[in-house]
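Notes for the one structure printed next.
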Amino acid sequence: MDIASGRFKGKIKEIAGKVTGDRRLETEGKTDQARVRIQGAAEEIRERARGVRDSVKRKRS
């Protein structure tokens, strides 16, 4: 699942939970959104680490 669709699905669950009064569904939607944000942040960290690694490799050459 990509980040945009994950956030969208989470937001839909959150809204559906609010509308229907289903606190579990609302919380599940918020949790899904948080999970997607964390995954995006982790990917960004991995990309930055690759950039640092590549920069160090270039300087050694």
Review point. Limited to segment 6-39, what total is found for residues that are open to solvent by less than 90 Å² (accessible area, probe 1.4 Å) and within 10 Å of the chain's Cα centre (by Cα)?
Key: 5
Practice item. Could you give me the residue pairs with C-beta distances under 9 Å whose first residue belongs to segment 1-29 and is under 19 Å from residue 40 (Cα atoms), whose second residue is aliphatic (A, V, I, L, M) and open to solvent by 100 Å² or more (accessible area, probe 1.4 Å) wherever it lies, and which are 6+ apart or on separate chains? Key: 9/1
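The values are calculated or read from the model by the stated rules, or taken from the named source; none is laboratory data. Every value quoted in this text rests on a predicted model; they were computed, and no experiment measured them. Ideal geometry is used to build each Cβ from the backbone, glycine not excepted, and the neighbour counts take in all protein chains shown. Heads up: the accessible areas ignore ligands, DNA and RNA and are worked out on the full protein's heavy atoms, side chains in. Shrake-Rupley method; radii C 1.70, N 1.55, O 1.52, S 1.80 Å.
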